[in-house]
Structures are given as C-alpha cells and as structure tokens.
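The values are calculated or read from the model by the stated rules, or taken from the named source; none is laboratory data. Note that the coordinates shown come from a computational prediction; the quantities given were computed from them, not determined experimentally. A quick note on method: Cβ atoms are made from the backbone with ideal geometry, for glycine too, and the neighbour counts reach across all protein chains shown. Remember, those area values only see protein heavy atoms, side chains included, never the ligands or the DNA or RNA. Shrake-Rupley method; radii C 1.70, N 1.55, O 1.52, S 1.80 Å.
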Amino acid sequence: MYDFKADETASAEERYRQLGQAASALIEGESDTVANMANIAALLWEFIPRMNWAGFYRVIDGELVLGPFAGRPACIRIPMGQGVCGAAAASGTTQLVEDVHAFPGHIACDAVTQSELVVPVIRDGKVIAVIDCDSPEPARFSSDDAAGLEALATIIAPFI
C-alpha cells in the first residue's frame, strides 16, 4: 500500500523532488501506460496545491487525446497547435500561462481556469504526451513549478 503525502512545509524544489521519488516508486517495473499515467495524475493532485485539473493528454494520430486526470470533465480531443496544450505539444516546449484568457486560441474546458502550466513529455525526440495543470487562480504557477514538472516529465517518459 502506498501513502504518498506532500510535505506542505517543504520548498517547491523539495516538493517536486519528493513528487519525482513518489512517481518513480509507483511506475518502476509497471508496463501499463494508462495505469502509470493514472497514478501520476493522482500524485500531481496530491502534491500541487490550488489546482482544479491535473493530468495528461496523449499524442494519438497527430492530435491530443484526453488521458488519465484528476478534476472536472475535460475536452476529449485537442488539435496540435491549438490552445495551451496544443502549443506545448506542437513546439515541444513548456507553456507557463499566467492568464489563459490572454493566450491566443485558449480552449476553455473549464470556465473557472485562470492559469495553466503544460509540459511536454518527450521520448526518443518526440512529444508523446503533455502534462497539463490548471488553476482557478491567476498566475498560480511559477518557473519553479515548470522546472519541477519538466523533471517529472523526464522521469516518467520511459514509462508512459
């Protein structure tokens, strides 16, 4: 039985280190990608406060398709290059958006979302998925959050 809890007194850097350790412990030796993404989505929800959505979009046949997540129901398919997730997937770069309403072409899956952080998961030089985190707070995510999720993406890439 696993009981991973975030240390709420820890720095962002330490919290993301703990998140990476928990993710490694959960996915090590597990070959089912859906199970691994589901557990990672649950860890994101547990370790990152003040979010209304956390999870994955997978690259399938040239578009993003909803994967395991925690939060409210979401858009099922997102074209590459559209919205924050599509921009991250098409460019292969992290998108840290303080105000989603100012982002050209933002796709509003949940009207309460104010800020978003999307990190591509890259394996063998190709984007295979994105980690998407949404918050009802403007400017909720920082460069520390981006760096932490980028490190997590590297850890999980071989397992999803």
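Before moving on, here are some points about what is shown:
- Screening the range 95-112 for residues that are open to solvent by less than 40 Å² (accessible area, probe 1.4 Å) and touching a helix residue (DSSP H, G or I) at 6+ places or on another chain (Cβ under 6 Å) and picking the one that is farthest from Ala147 (Cα to Cα) gives Val97.
- Test for Phe47: is it surrounded by 22 or more Cβ atoms within 10 Å (Cβ to Cβ) and farther than 26 Å from Gly81 by Cα: yes
- Residues that are farther than 21 Å from Ala70 by Cα and of a type in the set (Phe, Trp, Tyr) within the range 92-145 comprise just one, Phe103.
- Apart from one condition, Phe141 fits all of (1) closer than 22 Å to Ser31 by Cβ; (2) out of contact with any helix residue (DSSP H, G or I) (no Cβ under 7 Å at 6 or more places or on another chain); (3) surrounded by 22 or more Cβ atoms within 10 Å (Cβ to Cβ); the exception is (1).
- Subset of the range 60-79 that is small (Gly, Ala, Ser) and on the phi > 0 side of the Ramachandran plot - its residue that is surrounded by the most Cβ atoms within 10 Å (Cβ to Cβ): Gly71
- So Ser91, is it at pLDDT 95 or above and either open to solvent by 10 Å² or more (accessible area, probe 1.4 Å) or hydrophobic (A, V, I, L, M, F, W, C) (or both): yes
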